[in-house]
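Step one of this worksheet: look at the structure below.
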Amino acid sequence: MNIQVLGCSGGLSGDNKGGSTCIQLNHNIVIDAGTGLNQLSLAQMHQIRHVFLTHSHMDHIAALPTFLSNQYGSEHLPVTVYAQAHTLEKLKTNIFNGDIWPELSSMTEGPEAILQFNEIHPGECIELEGLEIKAFAVEHSVPTVGYSVKSQGKHFVFPADTIAGTQLTEQLNRLGHIDTLMLECAFPDELLPVAEKTKHMTPGLLERALKSLEQQPDELWVTHLKPSYENDLRETLVANPPHKNTVVL
Ligand SMILES: Nc1ncnc2c1ncn2[C@@H]1O[C@@H]2COP(=O)(O)O[C@H]2[C@H]1O
């Protein structure tokens with residue numbers, strides 16, 4: 001498994017590195033379609049056939065409409081977008097509605113058929129090209145799933161945007177040994193009330209979530225730092241790493 005984090009910022013980062021959430025699992029599968037997707041060349045974008053969405057928030061879908069339009073002319077159509085019913089419905093109603101962007105999800109015949117939606121349910125496992133991709137429900141401000149990805153004996157887990165709590169602990173414990181856990185940390189501890197309201201992590205909550213696990217992952221990737229607090233969060237996480245193998249992305 002050669003995972004590439006194309007973007008993992010919790011917003012518009014104001015630098016030229018990465019972008020918002022997009023994780024490439026192999027040459028044709030990504031999780032989320034944030035602006036990090038723009039790290040790929042056009043030829044690489046044409047290879048992408050499967051997009052697994054965690055939830056409907058803009059920083060996770062921002063590049064999806066323009067990415068799909070880039071697919072005209074690609075040889076490998078359609079692109080399948082996997083998401084929960086809530087996310088698919090919001091995309092149809094608010095994005096692919098003929099006003100903001102063409103109604104791509106209704107164009108199912110002929111050369112315009114570049115997109116198909118595939119509803120997924122928490123607990124469902126999809127096998128694609130030697131990867132086992134399993135969705136699991138997490139607690140966020142809109143219906144959200146994380147993904148567990150197994151391939152070649154390795155286990156990568158991305159709980160997406162979420163807050164520490166019983167649901168996250170139970171889901172992660174159920175998944176067994178994790179090689180790489182990619183957990184978010186959006187706000188500093190001083191903004192705990194905002195984190196609680198928006199269902200995100202702070203360094204303190206991240207530490208609490210890790211301590212609640214029956215088994216520690218081999219390594220922790222920390223993501224989704226909100227740009228306004230990024231420097232502060234990096235300092236805190238480097239000074240007090242929540243795990244012995246912590247990488248702050
Ligand atoms: N009360 C709030 N205070 C600060 N930021 C907020 C508030 N509500 C929503 N947001 C922002 O809106 C964003 C929506 O996407 P996120 O959940 O990633 O993160 C959220 C926050 O960055």
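Quick notes on this one:
- When the residues of region 211-236 are filtered to those that are within 19 Å of the chain's Cα centre (by Cα) and not in a loop (DSSP other than H, G, I, E, B), the one that is nearest to the ligand (Cβ to nearest atom) is Pro227.
- Any hit, region 123-136, residues being open to solvent by less than 20 Å² (accessible area, probe 1.4 Å) and within 16 Å of the ligand (Cβ to nearest atom): no
- Checked across region 163-185, the condition of being within 26 Å of Glu89 (Cα to Cα), surrounded by fewer than 23 Cβ atoms within 10 Å (Cβ to Cβ) and touching a residue at least 60 places away in the same chain (Cβ under 8 Å) holds for no residue.
- Of all residues in region 143-162, exactly one satisfies the criterion of being open to solvent by 30 Å² or more (accessible area, probe 1.4 Å) and within 16 Å of the ligand (Cβ to nearest atom), namely Pro143.
- Residue list for region 195-210, filter: under 21 Å from the mean Cα position of the chain (by Cα) and open to solvent by 60 Å² or more (accessible area, probe 1.4 Å): Glu196, Lys197, Glu207
- Val5 on the phi < 0 side of the Ramachandran plot, open to solvent by 30 Å² or more (accessible area, probe 1.4 Å), more than 15 Å from the ligand (Cβ to nearest atom) and outside any helix (DSSP H, G or I): yes
- Within region 123-154, tally of residues that are on the phi > 0 side of the Ramachandran plot, of a type outside the set (D, E, K, R) and touching a residue at least 60 places away in the same chain (Cβ under 8 Å): 1
The values are calculated or read from the model by the stated rules, or taken from the named source; none is laboratory data. It should be emphasised that the depicted structure is a prediction, and the values quoted were computed from it without experimental measurement. Glycine gets a Cβ as well: all are built from the backbone with ideal geometry, and neighbour counts include every protein chain shown. Keep in mind that these areas ignore ligands, DNA and RNA; they rest on the heavy atoms of the full protein, side chains included. Shrake-Rupley method; radii C 1.70, N 1.55, O 1.52, S 1.80 Å.
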